[in-house]
């Protein structure tokens, strides 16, 4: 660490190199934090979580009990051991609460004053954070599996919605109406995701084994359908054309730069695709156990080298190297299946939620050198304080004499 600091100060190193090196160390050393608890509010499994990017301070969670909770992740006590408190809850006593399981929650990307939730009660609600009342309610014909707002959009305010119907609904936040429908899937749409690189590009995953990439500005809409065999018909002769997986596709996640798209399916496979060309990069992650019939929320690290993919795998969270497929570690701590995980890029921390009704915090482990350095700093501060106190007492005695 001192070598990095010296090289940066002398102008011998790129300032970003130190940041990347420390981010990598932190991501590779993630471990369950026994000193940080997240208030247990949900009475049933936790399906979805989201951390806002404005301050990186507040986290949303949605559960199978229909309840939505907002947590404050900030440590005000200054103590090593603390609890992330629930700031407010849309509980069963709230007249506006979802009647059935909440499948997706997401903060409005530009302001913590608003968030969006969708549920199996066939509704999507846009909430005012201050009043905890819905400012807008969208109703659909079938259960809502997933929704997503673009994190970078400036020219549109569309929410993509995947439901039990095989068509993707585009809802406009400004007008409060459904303005467009994307058709092409043949079964329920389990996951939708906007590109973090191009605001008009949308990826959708369905139970029909297909993943489609759309440009919502085009009349035809669909740019291409991902093909696990990259067009080699000899390999897929016995299978349907242009399938991304051999089962239900229930997970989508772009990398932070938007250059790659990850998909997961009930064929126990995870695949990495070039998001510009739709080419399967053929990275082998091995068996990625996936029995979920609904959306699976997984995430990718930011600022580290290599980038890691954190994906729920039964009662654990598996961490894979993005471009090699190597299984780096298994994060174990839940007592039941994990359904969602979210990476906090500001601190290189991970939060996961599961059917055991718990949200667990995974934080970078301190190195022995760091612990020793902190101990020395604390001892030195105590010694300095003692010296000051002694000097003050001597001066006080002199004045009295």
Among (1) surrounded by fewer than 23 Cβ atoms within 10 Å (Cβ to Cβ); (2) under 18 Å from the mean Cα position of the chain (by Cα), which single condition is residue 261 missing? (1)
Could you go through the stretch 211-222 and let me know if any residue there is under 17 Å from residue 140 (Cβ atoms), in contact (Cβ under 8 Å) with a residue 12 or more places away in the chain and either assigned to a strand (DSSP E or B) or touching a helix residue (DSSP H, G or I) at 6+ places or on another chain (Cβ under 7 Å) (or both). no
Please go through (1) in a loop (DSSP other than H, G, I, E, B); (2) at pLDDT 95 or above; (3) over 27 Å from residue 349 (Cβ atoms); (4) touching a strand residue (DSSP E or B) at 6+ places or on another chain (Cβ under 8 Å) for residue 202 and return the number of the only condition it doesn't satisfy. (1)
So which of 279, 349, 291 ends up being touching a strand residue (DSSP E or B) at 6+ places or on another chain (Cβ under 9 Å) and surrounded by fewer than 21 Cβ atoms within 10 Å (Cβ to Cβ)? 279
Just give me the residues in the stretch 120-136 being assigned to a strand (DSSP E or B) and under 14 Å from residue 102 (Cα atoms), in sequence order. 123, 124, 125, 126, 127
Only one of (1) farther than 19 Å from residue 272 by Cβ; (2) surrounded by 15 or more Cβ atoms within 10 Å (Cβ to Cβ); (3) touching a residue at least 40 places away in the same chain (Cβ under 8 Å) is not met by residue 152, so which one is it? (2)
Residue 209 meets each of (1) buried (at least 16 other Cβ atoms within 10 Å of the Cβ); (2) touching a strand residue (DSSP E or B) at 6+ places or on another chain (Cβ under 7 Å); (3) at negative phi with one exception, condition (3)
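The values are calculated or read from the model by the stated rules, or taken from the named source; none is laboratory data. Just so you know, these numbers come straight off a predicted model, no measurement behind them. As a convention, Cβ positions derive from the backbone with ideal geometry for all residues, glycine included, and neighbour counts pool all protein chains shown.
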